[in-house]
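In what follows, a structure is listed as structure tokens, so that the remarks can point back to it.
Values quoted throughout were computed directly from the atomic coordinates according to the rules given, and no laboratory measurement underlies them. None of the values given here were measured: they were computed from a predicted structure. All Cβ positions, even for glycine, are placed from backbone atoms using ideal geometry, and neighbour counts span all protein chains on display.
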Amino acid sequence: MSTPSIDSIKSWAEEDRPREKMLLKGRASLSDAELIAIILGSGSRDESAVALAKRVLSTVDHNLHELGKLSLVDLMKFKGIGEAKAISIAAALEIGRRRSITAPQKKPIITSSKEAYDLIKSIISDMAHEEMWVILLNKGNKFIKRVKMSSGGSTATIVDVKMILKVVIESQAQSIILVHNHPSGSLSPSRADIEITNKIKEAAKYFDLTVMDHIIVAETGYYSFVDDGRL
């Protein structure tokens, strides 16, 4: 019976394993070797994925740019790296290269109900059923993303306040704009619309979050709680 390698990742403390470390401490906490180990997925009977990654990096003076120059054949010369692992490494490095030459997407700053409406109208204005969305913003009201929270029938959709707050907190947003559509074409808020707006607004206060607006969208235009003095 063979004895486990002293360098086996499974023998390490959980917080020191690359995947667990990323979950606990974030991706920036990982070394280049640990990141490559995650890409490799596994090592061999005699060597952990991290040890294998370190061995590969040592041949290029720990320079990721130089590592990216290695061909699949070059990578497969390392014991423990077959075709699948070589392709995984090459693909990951190619993604990194493409990211480095891609200009960051300019995020719009939302300062009015019209700007928020323009962000979402093409998605829900002509739907035959109701959907609730949230537009997530950072501290400077810069757009982060928009997220669909629920989908319902032609006259209503169920809104889970806890799920909305969970999405907001996980996205590290500072404020949100609620948006839902009225397939009927009516731009008047219902009693349920008013109640859920107030409920979310009060719940958000406990997390220092701001509900900036609630917008109702229809084919003919939109309604803003803020513009109408309701929020």
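Summary of computed values
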read-out: Contact order relative to length of the chain, as percent, for alpha carbon pairs under 8 angstrom and 6 or more apart; value: 13 percent
read-out: Computed lengthening from residue 20 to residue 99, 0.36 nm per intervening residue step minus Cα-Cα distance; value: 25.9 nm
read-out: Alpha carbon centroid spacing (whole Å) that separates the range 110-125 from the range 163-191; value: 12 Å
read-out: Links that overshoot a 24 Å alpha carbon limit, given the list 139/201; 107/199; 114/139; 85/107; 54/77; 21/145; value: 107/199; 85/107; 21/145
read-out: The chain pair-distance distribution - Cα-Cα, 10 Å bins, rounded %; value: 7, 24, 20, 14, 18, 13, 4, 0
read-out: Neighbour-count ranking [beta-carbon atoms within 10 angstrom, fewest first] of 143, 207, 225, 78; value: 207, 78, 143, 225
read-out: Principal-axis tilt of helix 83-100 within the chain, Cα atoms, nearest 10 degrees; value: 50 degrees
read-out: Cβ charges +1 (Lys, Arg) and -1 (Asp, Glu), total dipole of the chain, debye; value: 440 debye
read-out: Within the chain, percent of DSSP bridges classed antiparallel, to nearest 5; value: 70 percent
read-out: Cβ-based net charge around residue 222, under 12 Å, with every Lys or Arg adding one and every Asp or Glu removing one; value: -4
